[in-house]
Amino acid sequence: MQQLEEKIRQIKTKIEEAKDLRRRAELKLENLEKQERDILMELEQLGVKPEQLTEEISRLEQEVQDGLEEVEQLLPKELLADGNH
């Protein structure tokens, strides 16, 4: 009988642990869903659709690269000669 009671106690403990894990997972899911909504709202404010995000990132990277090249062309050649300054 004692063995049976111990087994029941262990099962109850496991059930409580599982319930706790589920609660934490649900909270994490809620947080992730909120982050997703926030990101989508920010993208909308920027005028970028989620399906265009990769293209927009590439466009911005190219814009930065072009800007750096333009700055390098405007700097005196002496400053670029040693590579670090």
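What follows draws every value from the coordinates through simple rules; no lab data is involved. Bear in mind that the values here come from a model prediction, so they are computed numbers and not experimental data. A quick note on method: Cβ atoms are made from the backbone with ideal geometry, for glycine too, and the neighbour counts reach across all protein chains shown.
Where helices (runs of 4 or more DSSP H) sit wholly within the chain, those with at least 1 residues that are under 33 Å from the mean Cα position of the chain (by Cα) occupy 2-46, 53-74. For the stretch 56-65, the criterion of being surrounded by fewer than 10 Cβ atoms within 10 Å (Cβ to Cβ), out of contact with any helix residue (DSSP H, G or I) (no Cβ under 8 Å at 6 or more places or on another chain) and of a type in the set (Gly, Ala, Ser) is met by no residue.
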